[in-house]
Each structure stands twice: as C-alpha cells, then as structure tokens.
Amino acid sequence: MLDQTILNSDKTNMTRIIEKWVSAIMIKSRFLFMALLACVSFIAIGQDHTIQFGYDTTFTNGNFKSFTNQYQFGEGFYLDQLKLDFNKVDTRFQVLASGIGDRPTQRASILFQKKGVYKLGLRYLKKDFDFHSPEYEVGMRDDQWSHTQLTAFMEYLGWSRLNLSLEVSQWQREGSISRPVYGLGIPYIIKTEFDDQNSDMRIKLETKKMPVKIRFEQVFAEYTRDNTYQPGQSLIQDDDVLLEIDGPGEDRRDSPATSLSAYYESEKWAVDLGGIWRKDQVDILRKDFSNYGLSNGVIGQLGFLHDVTGDSEREARQLRSSFGFKISDKWTLRLRYTGFDQTTENQFLELFQLIVQGPAGQTIFESEFADQSEWEKNDKTLYSQLEYHNDSTRVAFSWGERTREITHLTLEASESVEREAENLRLDVSHRFSKNMTSKIGASIGDYSDFIFRIQPEEVDRYWLRLKAGLRKGWSLSLKAAIEDAVNPVEQASLDRSQSQVSVNLSYSHKNNYLTAGITQQSFSSEIALNDIPGNTVNNPSIYDSELIFATLNGSFEMGSKARLNLSLSRSADSGDTMPFKLTQLQSSLEFTGPFNTFHWLTIQSWSYENDVFESEDYDMMRFGYKIGWRF
Amino acid sequence: MRHTINTSLLSFSVILFFSLAIGAQENASAEEQLAARWEDVACFECHDAELLNFKNTSHHLLISQNQKVSEEESCALCHGDTEEHMEDPDLSNILTAKHSPLDLSRKCASCHEDAGKSNLLAINDHTDLDIVNCVSCHVSGHYEEIASPLLSSPPVKLCSSCHQSERAQFDMPFAHKDMNGPMECTECHNVHDQGELFSLTNFGSSQMCSKCHEDKAGPYLFPHAVNEIEACVACHTPHGSLTPFQLTRPTTTQLCMECHTDFFIKHRDSTLGLQSCVQCHAEIHGSQRDHLLFQP
C-alpha cells in the first residue's frame, strides 16, 4: 500500500512518486509474469482457464487513516483472478489465486483430484491489517500486521466404507502493534513486534454407506508466542522517561482435541450423539524488566523486575444429543440436549523486584507471591420442538431450558452463581402459492439471577418475513423483527430494544437485473450507572443507533459485447452515539476484446461524514482497469 | 512440532506434484466413449445445451459410475418421471429448479444425506424447505458454479438476499470487511447446522473467533472474567459497529463502567480522570502475568 504522503498530492515530490511507482511495478510484475507464464503453459492442455489482472489508483480528500481503518484496500498492480481448471471425467487439476500483489487479502490454492478416489491440495491465505486509533479515541493504537495461513490437505474417498481426511496447517503473524502500557504512574507507548505461530494437524475418519454414520476427528495444535518490546514516547508529557524494556519471553500452548459422533436415521426417527473434548495447556516462563529515568535520569533510575512462573490449563467437554421422531406424516418431535463443561486451573509463583538506583547507590526491594485459582463453567441446555407440517403450512412450537453455573475459586475465597433461562418459541410459515411464502414467529425468554449486572431478565422477540415472486420477473421480499430486553431497576435498569425492517424489490429479465433494497435498523440500550458517588440522578450508559441502509444494484447488457454493473449504497445513522453518513458507488464497464480477452473499467467512490468528529471525514475516488483472458 | 509441520508440508507438496504428473496422463478415449453413451439418451434430443453443461459437473461423473442406473434413467433421478414430459413438453409435468424448488430439494436430500438429515433433527430456518431450499443457494447440475460448492452466487450475496439487516451492519464504519464487502459468512457460520458437533473449530464462540485472532484464545493466568464466561460477543459485535474494535458501546470506558460500577471508588484519587480504561488495562482480554491486566 502506498503511504499517505503520496496520496496527498500537495505534500509530495513528483520524482519520489515516480520512483516508488516504478519500484512497485517492477516487484508486482514478477507475480504477474509468473501467472502469465503458468497460463501459457496450460494453453497446450486446454479446458477452462482464466487470468485477470489489474491496476488501481486512489485519490483521497480528507482523512486517509479513517478510510484505511474502515476499508482494507491495496493500491497498484494485482492478480485479480487466476483459474487453471483442468477438469476431465475422472480427474481434476485446479489452480486458483487472487489478490497476489497489492491486495490486503491474498489467496491461492492447488487441488488435484482423482474423482471419487482422492483429493490432494494446498491452500494459502494472507491478510494484512492496518489500523490506527481515530483521533477521538484515546486508545492510541497503531496496528500494522499480517497473518498467513498455509494448509495442506488430503482426502481419501476410495474405500467403500470409510473416508479419510488429513490436514496440516500453519498460521503465522508478523508485524507490530503500538499501544499504551501502564508504567510509572502514567501509560507509556510500547511497540510490540509479533512473532506468533500456530501449527495444527488434524485427522478425520467418516464412515459411509453404513446404517450408522460415525465421524471421528483428532486435532493436535501448538501455539507459540515470542513477541518483543520496544519503548516509545510516554503518552502524557512527563519528566520520567522509559529507558529500557525487556521481555516477556515465550508462551506456549498445546491444544489436543477429540471429537466423536454417531448418526442414525430411518424413515421414522433419527438420532445424533456426539462429544468433543479439548484441552489447552499454557506454560508461562516470563521475566520482564522495565527501567525508568527519574527526571530524565537526573535524580536516578527506577527498575521493575517481574518474574512469573506458572501454568494455565483449560479443559472443555461437550456432550450433545439430538433426537427426531416422525409421529406421523405431518407431526415431528425433536429433542436436543447439550452439556458443556469448562474448567480452567491456574497456578503461579511471582517474584517482584523494585530496583532503586540513586546517587547513594542501588537498593533492591523484593517480594514473592504465589496463588492458584479455578474457573468452572457448566452449561446445560434442553430444547424440544413439536412441528406440524402439511403441503403449505408449517407450525413449530419450541420450548427450551438452559442453566449456567459459574464457580470461581482462589486460595482465599470462592464464589458461585447459577443462572437459569426458559424460552418459548412459536414459528408459523405458510406457502400461499409456489412463488409466495410467509413466516411469522415469536419468542419469549425469562432468566433468573445475574452473573453480570447488565444481563437481561426478560427477552422478547417477534419477526415476520414475506417473499413473493411477482409477475414478469419482479420479486419482493419483506422482513421485520423487533426485540426487547429488560432487567429490574435494582439490578441495572437495563432497557434494550432493537428493530429491523427490510424491503427488497428485484427485477430480472434475461441477463439483466435490478435490485433495490432499504433496511431500517434501530438499536438502543440504556443501563443505569447508579453507583457513582455523589451522583443524585440516574446516569445511564447509552448506545443509540438508527441506521438506514439503502442499496441499488444492477447489471445490464449493452449490446452483445459489453455489460454495465452498478452498485450504489447509502448508510446513514441518525442515532445519538455516532451519527454518520456513508455513500458508496461501485461501477464497472465490462467488455470483450480481441483474442478472447475481457476488460473492465472500474470507478469506485466513498464519501464518509461523521457528524460528531468532522476530522474523520473523507472522500475517496478509486479508478481501475482490469484485463482478463479466458482460454 | 514446527519442524514436523514443515516436513509434513514439504512431503505433502512432493506427493501432490508427483500425483499431478500421474494424473496428467489423460484418458481421452475413455472420455469420448462416455460422452457417446450420453448422447444416445432421448432427453438430449431436445436438451442438447443441458448436456454440454452437465458433462463438466460432478453429478455427471457420479451417475456415469453408478452401475445400477442407466443413462436413460439418470435424468429421472432428479427430474422425476420423464415419460409424460416426452409426450407433452410442458413444464408442469417435470421437476425443475424454477418450477418446483421444494420438490426438487427433497430429491437432493435423497442422496445428500447430510443436508437431508437436518429435516428430522435440526432446529433452524435453513431446515424449513418452504423458506430455504437447496436451489435457493445451489445451482443444479446443468449450470456453471459461481462459487464452490455448486453455489449460484458468492456466499455473501446469497446470504444477504434474506439477511438484509445483517448485511447492513457490515456497512457500519467498523466491520468485519474483506476489501469492500463483508467477510464471507461461511467463514463463521455453518449454513447446514451441523457445525457444533462435527467441527472442532466451531467449539464455542471464542474458538470460532480465534481461527484468526489466535492470540486471544487464552487460557490466561489472569483472565478477564467476562471473556472467560461470555467470550468475545460480550463486548464486540461480530458483524459491524459504530465504534473502533467493533465494540457494543460508544467507548471502551463506557463499556467497562457498566459492569465495573466501582470505578470512581477505586480511581478517586487518580490523576487520569475519565480516560480510556484500556490505556492502562491494555491487556483487556487477559494477561499471563498481571492481575490488573496492565501488561501481557
């Protein structure tokens, strides 16, 4: 991605721009050249191959950081799509790639398939993140990192009774994040360089053509983190400066997991039983040292050594059973029970040293602390549904009960709380004709006790959906839903409501279509913060959003060789929390050229207005050209 | 273990390319013979264009390999009895995706037992075939797939045709976007409702998020209780939000204070005043060395 200085033309130097662009073109051209070479080599064996690559350039007016926070876009040359598909009757070799070059999301895959016998393949995914805290948010975050995932997989389908899948995957994160870390009475900016890796191997066995279908899956995963720190400027101007920071050492997590399930279905009934077990074991060996200069080091230095040795072990088990029974042609009974149990045990030994370095020499104050704790979460859910179904109508009545028990134990104290929930739900759907369906529903939920004060005591939901295929290519869909949640005044006086209404109208004729939609969505939450000392009036925490989202999408043939695609959307939030307006236009003219080539000219624009923080506003224009070749 | 993974990846690549070399030996004559067999089927006297498309689909191969079904009978597997249709080529006497999506979906379920089983067991809208059926999202065997597996549009487009309000949330300033549009819905959601039981990656909502946010998966020596109990969605909205980090409230501080009502008591003498809580409590998801969640 080119940096902002290039995009703000008034600040740039033309020579530098040309140098950077030439350099970018040279680097990205290698990708394109390799892709082109691969295509040429595939011409000989023919079938369905496509290569598309393009170039985009962007012009900004306003806050470019605000745009990049919301949209992760690259700029410059990129491979839009590469598809080499060698698809024969019994074999298939496929290469897919997209985004290689100047795109924040890059994908590639290779698949070789002996149909009905085996599949072999590789998948590659890379995502770049670029985020900077907005000026109004005092978090002072600055993220620039990427994660890459490479997966190799194999499926063997050749046995008569069993399918086998193997997968090996590696995830890696690189880059850095700058953010405040609490130091000598004030927060200091620390830059953390990432070095995280996760590797996992999984094996899956699945029976086939047997009365009882059994699946077994085993995963071994290992996550390691060996990040490093660098000191930055303190967030608040202060004479005491962070001179040195070192640590934190490597964390390592091992996570084996096992899943086993069995499924049987007959004309009359079906049953599904399964269980999952997973364990996460983290070993912590940490030694951090930070050193501050008092009055820029003139008075002396203050060092903190923090040495932690411990481990954290989380074990989770889930047991799930589903049962379905066809009482008659029109009546069905379904039952589902899920039990989930998670225990996390922690223990550690902590050594803390305060090292004071003054004119009189060095003094060390030392303390040691050891503790252990345990978290237990136990969920039980029972759900039942009775359904009536004839050719045009379906009525389903459901009842559910859920309990959650939380226990927290330390060496000195223990706490335990249990929350219960009961839910009733009714769904009615009716097919008026082959082209017109409707659905209405309601759900009422009651909860007891509170684990967190903001949790609801009652939640009610109602919804309606209508879908109609009208005459001569027109179709209409309507959806509406409301939800209300409350809890008592003495708890947190929670009052949360949300509603959604969507209408979509579409028209299609031959290869042309036009769709118009409008969605209105409101969300409002109010929670009392009564515990503020000296506060005599209710001082609620409010989140209020009133969003209207309107879209117009169309695709039209222009003669036999060209097509115009248009997409216009407008989002406007008029709630009290963060009102904004966003208008987006995506348009492309697609036409065929000589030698089986396809061409796209694209114009995209975004216009964002933040009604509270005008400094976040931007207008963005993006122009692109893409060429594709199908052979 | 990392060494093992790298070795496995390398070995895998070698096996893959060795297999490619073997697979490249195409059996042209076998293919021609197969094509000739299909051309004799009476249906294709009128529907020759459908045959051209059908030849590249996996349905074609499966039917060709099935010794119990002749090519003549194979069309009837999906389209029902064809005899009447041959007498009178009216759409009302044959099953098609446009004409009777519900009935055609029931035909699909007779082979695709994973999708079919959800009719008896699962409890969600995607199993109510009146509302959503197979051909709402999947192309039949005759048409080119736009996205895998046999989808008629990219997943986001398909999902948002019904889930418009969820689509709208992705256009909020801070959302899980991929380039200009929403992230693929299927990266988190299992549309056929078999996820929890069969896929370990779907094991609890925090495990789902940690597919990308691996560093937030824990467990932590000093966990943030809400993360341990309610997981990510207690504070974040997964689709989109008005505020950075997709929070459920305008600011981090406001979000924290809803539970931590003793904020003013603990910070009465603080010179920091009402600043962002995460300025100091930066490791808000949990820490491996600090019970106040100041440092990682």
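Pairs, please: C-beta under 6 Å, at least 6 apart or cross-chain, first residue aromatic (Phe, Trp, Tyr) and in the range B:238-264, second in a helix (DSSP H, G or I)? What qualifies is B:Phe263/B:Met257.
Of the residues making up the range B:80-108, those that are crowded, with 16+ Cβ neighbours inside 10 Å, of a type outside the set (S, T, N, Q) and either in contact with a strand residue (DSSP E or B) (Cβ under 6 Å, 6 or more places away or on another chain) or modelled with pLDDT of 75 or more (or both) are B:Gly80, B:His85, B:Ile94, B:Leu95, B:Leu104, B:Lys107, B:Cys108. Among the residues of the range B:144-171, those that are assigned to a helix (DSSP H, G or I) and either under 15 Å from the mean Cα position of the chain (by Cα) or more than 8 Å from chain A (Cβ to nearest Cβ) (or both) comprise B:Pro155, B:Val156, B:Lys157, B:Leu158, B:Cys159, B:Ser160, B:Glu166. Contact map, the range A:583-600: first residue small (Gly, Ala, Ser), second residue not in a strand (DSSP E or B), Cβ cut-off under 9 Å, separation 6 or more or different chains; pairs are A:Gly593/A:Lys561.
Tell me yes or no: at least one residue of the range B:222-241 is touching an Asp or Glu at 6+ places or on another chain (Cβ under 6 Å), under 26 Å from B:Ser153 (Cα atoms), modelled with pLDDT under 85 and more than 8 Å from chain A (Cβ to nearest Cβ). Within the range B:222-241, none of the residues are touching an Asp or Glu at 6+ places or on another chain (Cβ under 6 Å), under 26 Å from B:Ser153 (Cα atoms), modelled with pLDDT under 85 and more than 8 Å from chain A (Cβ to nearest Cβ). Checked against (1) closer than 30 Å to A:Thr343 by Cβ; (2) at pLDDT 75 or above, B:Asn202 meets all criteria but (2). Just give me the residues in the range A:365-396 being in a strand (DSSP E or B) and among the acidic types (Asp, Glu), in sequence order. A:Glu366, A:Glu368, A:Asp371, A:Glu374, A:Glu376, A:Asp379, A:Glu387 - these are the residues of the range A:365-396 that are in a strand (DSSP E or B) and among the acidic types (Asp, Glu). Only residues that are within 12 Å of chain B (Cβ to nearest Cβ) and under 15 Å from A:Arg431 (Cα atoms) were counted in the range A:459-474, giving 4. Within the span defined as the range A:313-328, one or more residues are within 9 Å of chain B (Cβ to nearest Cβ), out of contact with any helix residue (DSSP H, G or I) (no Cβ under 6 Å at 6 or more places or on another chain), part of a strand (DSSP E or B) and farther than 30 Å from A:Lys377 by Cβ. Comparison of B:Pro250, B:Pro219 shows that the only residue that is touching a Lys or Arg at 6+ places or on another chain (Cβ under 8 Å), at the interface with another protein chain (Cβ under 8 Å from one of its Cβ atoms), modelled with pLDDT of 80 or more and part of a loop (DSSP other than H, G, I, E, B) is B:Pro219.
Yes or no, residue by residue, for (1) free of Cβ contacts under 8 Å to residues at least 24 places away in the same chain; (2) among the polar types (S, T, N, Q):
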residue: A:Gly54; (1), (2): no, no
residue: A:Thr57; (1), (2): no, yes
residue: A:Thr68; (1), (2): no, yes
residue: A:Phe73; (1), (2): no, no
residue: A:Asn87; (1), (2): no, yes
residue: A:Thr91; (1), (2): no, yes
residue: A:Gln94; (1), (2): yes, yes
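Does A:Phe129 fit the bill of being within 11 Å of chain B (Cβ to nearest Cβ), touching a Phe, Trp or Tyr at 6+ places or on another chain (Cβ under 8 Å), in a strand (DSSP E or B) and closer than 20 Å to B:Gly181 by Cα? Yes, satisfied.
Picking from residues in the range A:204-237 that are β-branched (Val, Ile, Thr) and under 17 Å from A:Gly274 (Cβ atoms), the one that is nearest to the chain's Cα centre (by Cα) is A:Val219.
Conditions tested, residue by residue: (1) more than 21 Å from A:Gln500 (Cα to Cα); (2) within 30 Å of the chain's Cα centre (by Cα).
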site	(1), (2)
A:Asn378	yes, yes
A:Val395	yes, no
A:Thr403	yes, yes
A:Ser429	no, no
A:Ser433	yes, no
A:Ile454	yes, yes
A:Lys467	no, yes
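Of the strands (runs of 3 or more DSSP E) that lie entirely inside the range A:523-631, those containing 2 or more residues that are in contact with a helix residue (DSSP H, G or I) (Cβ under 8 Å, 6 or more places away or on another chain) span A:540-558, A:597-610, A:618-630.
For the range B:110-143, taking the residues that are at pLDDT 75 or above and within 11 Å of another protein chain (Cβ to nearest Cβ), the one that is surrounded by the fewest Cβ atoms within 10 Å (Cβ to Cβ) is identified as B:Ser136. When the range A:224-237 is limited to residues that are of a type outside the set (Val, Ile, Thr), touching a residue at least 12 places away in the same chain (Cβ under 8 Å) and not in a strand (DSSP E or B), the one that is nearest to A:Asp200 (Cα to Cα) turns out to be A:Asp226. Looking at A:Ala270, A:Ala257, just one residue is within 13 Å of chain B (Cβ to nearest Cβ) and within 30 Å of A:Phe220 (Cβ to Cβ), and that residue is A:Ala257. Restricting attention to the range A:332-367, which residues are buried (at least 18 other Cβ atoms within 10 Å of the Cβ) and within 30 Å of A:Leu386 (Cα to Cα)? Correct list: A:Thr332, A:Arg334, A:Arg336, A:Thr338, A:Phe340. Assessment of the range A:120-128 against the conditions (buried (at least 17 other Cβ atoms within 10 Å of the Cβ), closer than 30 Å to A:Phe613 by Cβ and not polar (S, T, N, Q)) yields at least one matching residue. If you go through the range A:153-194 and keep only what is without any contact (Cβ under 8 Å) to a residue 40 or more places away in the chain and either more than 11 Å from chain B (Cβ to nearest Cβ) or in contact with a His (Cβ under 6 Å, 6 or more places away or on another chain) (or both), you end up with A:Glu155, A:Tyr156, A:Trp159, A:Arg173, A:Glu174, A:Ser176, A:Glu193.
This table checks each residue for (1) within 12 Å of chain B (Cβ to nearest Cβ); (2) under 30 Å from A:Gln218 (Cβ atoms); (3) in contact (Cβ under 8 Å) with a residue 60 or more places away in the chain.
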{"residue": "A:Arg286", "(1), (2), (3)": "yes, no, no"}
{"residue": "A:Tyr292", "(1), (2), (3)": "no, no, yes"}
{"residue": "A:Val298", "(1), (2), (3)": "no, no, no"}
{"residue": "A:His306", "(1), (2), (3)": "yes, no, no"}
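If you check A:Glu412, A:Glu350 for being within 11 Å of chain B (Cβ to nearest Cβ) and not hydrophobic (A, V, I, L, M, F, W, C), only one passes: A:Glu350. Residues being at the interface with chain B (Cβ under 9 Å from one of its Cβ atoms), closer than 30 Å to A:Leu273 by Cβ and assigned to a strand (DSSP E or B) are entirely absent from the range A:238-248.
Whenever a residue of the range A:255-276 is surrounded by fewer than 16 Cβ atoms within 10 Å (Cβ to Cβ), it has no partner that is among the basic types (Lys, Arg) and not in a strand (DSSP E or B) lying with C-beta atoms less than 6 angstrom away and at least six residues away or across chains.
The values are calculated or read from the model by the stated rules, or taken from the named source; none is laboratory data. Everything numeric in this text was worked out from a predicted model, so none of it was measured. Note that we place each Cβ from the backbone using ideal geometry, even for glycine, and neighbour counts take in every protein chain shown.
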